[in-house]
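Data first, discussion second: the structure below is written as structure tokens.
Read the figures in this text as sums done on the coordinates, not as results from a lab. Everything quoted here is computed from the prediction, not taken from an experiment. Neighbour counts run over all protein chains shown; Cβ positions are idealised from the backbone, glycine included.
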């Protein structure tokens, strides 16, 4: 096979261990010579290249850590060429790739020191994909290992695992994609050696205890992957990067803290948006004070630093109120939900709509129904097929009071939409019960915390308004956390101020029976499973309260679809009859749809779906198709049949589409007929009886037999 020589004269270093039933190996020194670090990770037949680049200069003008993490799907990794006729090269990342990039980013980002302003980039490139399991967790290990070898102040390593639940109720890591889809639980947990950093799940109404136990199982399962990275770090001998942190000037923070002393606390505790206005007034007053006490040049140079310090003082005040007084910024108790109000059926021409308002956060949702042929085609490295249910989320700048260019959906929009989609997917009716493609679009109208959960609630109500027969309604809530030493303060229904100043952002959705989706991110260096379980249980109480409100607005799915939604009916035909419906070059089916105004989809098993807002059009198309596939029946009378041609010995009559028979001149009347043209002309419509089918399949028809029977 040959051997790769490292051009820098370094040895190729490889470590391996048993991890969840397979061998996990990490290799350094074979590729990626000019990157800050490059690690090739192999697990089964999955191979992922994790590369990291860390800059050596601070980006001083930024007020955030410039970290980017990307997950690169390569079609060749799955032995595939894109199914697109025109585009064969990988282009913009698929939604799946964006979601996995976020999945890797979320446990890694909090593990860098505050004030670190060096550019950092992690890329996971899937080079080979084992179809027995998803490659995303291998990619997470690859990026973590690469950052750990750069010498940058990354407080890892981390690892992640995807856990499912088998039929016996036992947890299993790296379960196959189909088993995950069909099972009750699809859970991702990422963490460090000592704590959990991130949790994400889709579920079919599992209990809080089952989720908590699965988190514990997953955290124990990732330990060999973390230990292997530590072994690699030790073998390679990483040289630590020298760096400086950009932290607020302590003297500036002291100045701000002294000025705001006595002006925060109870003076700012008010419902939103009143609180936001109070803060704006106080901030304006503070800057007016600075312009009076500082030289103009000094103020201009340090304005942003003072403003950041003022924001930090607000965050500290939020924490102080919760920890010392158990009072939140808007005066709520720790487990209290903001005021709720909702409407359904608010838009006249759409198929389903709702408006869900929780405090200042507001989400409008619109549902559109279409035939199954409108399902989205999916062609990615991992998947190939159709997507019948879609949830899209939009949140323009004006929803947070900002001027912002309208562009395509970003990672946040894709992630929030996917979470709300996952929340409802578990309760959607089966295709056989409700044969529709469903698109749910959330238009955020106002933001003040937890818009993804507002999108979930709004989407659920709009689906019910559209008449989608959900198995059970779903609600969602965002939970927060403030840690004071070892003591947790868990908050229900967090708003922006508590999110920005808190230690955890935890979103959970579910029905009255259990959890359907979960997303949990830590802003501190991880939490214990016990605290997470407390948050789950308190979250259940909150989401049930929100669900009660939703059901007071719309108790169940509407019995009837909107008059503007397509009606879909199905008939079953023998698969070998499909070609008769389609016709040569699609001529027949095109004629049916054009003349009836319907849309027709035909499955390989012979299921024919006919869609139209008008039932009369459906009935017309259905009759046409039934006639096309019907076999002629001896003894049956066929009415209103067109005379196709008239010859000397009789007339050919079409009794069914494409099926003609002969009415011999002797079968036209009781009395003798000299010429068939004396009785019928081409284009006439007559009633005939099928009296026989000869051994060559020719149909023998009679008009005389019909007349004779009518006299009886």
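Calculate, in nm to one decimal, what residue 76 and residue 294 gain on full extension: separation in residues at 0.36 nm each, minus their alpha carbon distance.
72.3 nm
Of all alpha-carbon pairs in segment 340-553, indicate the percentage at a distance above 30 angstrom. Intermediate results must be reported in sequence, preceding the final value.
Numbers: 5263 of 22791 pairs.
The proportion of pairs with Cα distances above 30 Å equals 23 percent.
A crude spin-label estimate for the pair residue 285 and residue 167, with each label 7 Å from Cα along the Cβ direction, gives 6.9 nm. Comparing segment 214-262 with the 2.2 N^0.38 Å rule of thumb, its C-alpha radius of gyration ratio is 2.22 (two decimals).
Taking all pairs of different Cα atoms in segment 13-236, averaging 1/r and flipping that mean, what Kirkwood radius in angstroms comes out? Walk me through the numbers before you get to the answer.
Values: mean 1/r = 0.0554 Å⁻¹.
Here the Kirkwood hydrodynamic radius works out to 18.0 Å.
PRE reach from residue 346 (point 7 Å along Cα→Cβ): which of segment 406-429 fall under 11 Å by backbone N? The answer is none.
For residue 301 and residue 220, what does the FRET efficiency come to when R0 = 56 Å and r is the distance between their Cβ atoms, rounded to the nearest 0.05?
Details: r = 52 Å, r/R0 = 0.93.
With a Förster radius of 56 Å, E is 0.60.
Computed over the Cα atoms of segment 1-99, pair by distinct pair, the Kirkwood hydrodynamic radius stands at 16.9 angstrom.
Measuring r between the beta carbons of residue 11 and residue 119 and using R0 = 41 Å, the FRET efficiency lands at 0.90.
Over all Cα atoms in segment 567-629, the spread is summed up by Rg and Dmax: 10.4, 29 Å.
Please report Rg over Rh for segment 328-392, where both radii come from the alpha carbon positions and Rh follows the Kirkwood definition.
1.19
Could you list 459, 645 so that the one with the fewest beta carbons within 10 Å of its beta carbon is first and the one with the most is last?
Working: 459 29, 645 13.
Final ranking by Cβ density, sparse to dense: 645, 459.
Need the C-alpha centroid separation for segment 42-59 versus segment 451-468, integer Å. Rounded to whole Å, the Cα centres lie 39 Å apart. Spin-label model, residue 687/residue 394: points 7 Å from Cα along the beta carbon direction are separated by 5.8 nm. Mean projected area of the convex hull spanned by the Cα atoms of segment 241-385, taken over all viewing directions: 17.6 nm². Evaluated at 25 °C with a viscosity of 0.890 mPa s, what Stokes-Einstein diffusion coefficient in µm²/s does segment 644-696 have when Rh comes from the Kirkwood expression over alpha-carbon pairs? D, rounded to a whole number, is 211 µm²/s. Treating each Cα of segment 498-599 as an identical point scatterer and summing with the Debye formula, the log10 of I(q)/I(0) at q = 0.17 Å⁻¹ comes to -0.90.
Can you tell me what the convex hull of the Cα atoms of segment 250-325 projects to on average, as an area in nm²? Numbers along the way, then the final one.
Details: hull surface 20.7 nm².
With every direction weighted equally, the projected area is 5.2 nm².
Computed extension length for residue 569-residue 548: 4.1 nm, one decimal, from 0.36 nm per residue of separation with the Cα-Cα distance subtracted. Of all the Cα-Cα pairs you can form in the chain, what percent are over 38 Å apart? Cα-Cα pairs of the chain separated by over 38 Å account for 51 percent.
Note on residue 384 and residue 181: the model spin-label points, each 7 Å out from Cα along the C-beta direction, lie 1.3 nm apart.
Stokes-Einstein diffusion for segment 168-298, with the hydrodynamic radius set to the Kirkwood value over Cα pairs and evaluated at 37 °C in a medium of 0.692 mPa s, equals 157 µm²/s.
When only C-alpha pairs under 8 Å and at least 6 residues apart count, what is the relative contact order of segment 13-236, in percent? Let's see the in-between values first.
Details: 459 pairs, mean separation 49.1, N = 224.
After rounding, I find 22 percent.
Were the residues from residue 500 through residue 45 laid out at 0.36 nm apart, the gain over their Cα-Cα distance would be 159.6 nm.
Can you give the FRET efficiency for residue 666 and residue 587, using 1/(1 + (r/R0)^6), R0 = 51 Å, r = Cβ-Cβ distance, to the nearest 0.05? Before the final figure, lay out each step's value.
Details: r = 36 Å, r/R0 = 0.70.
Here the calculated transfer efficiency is 0.90.
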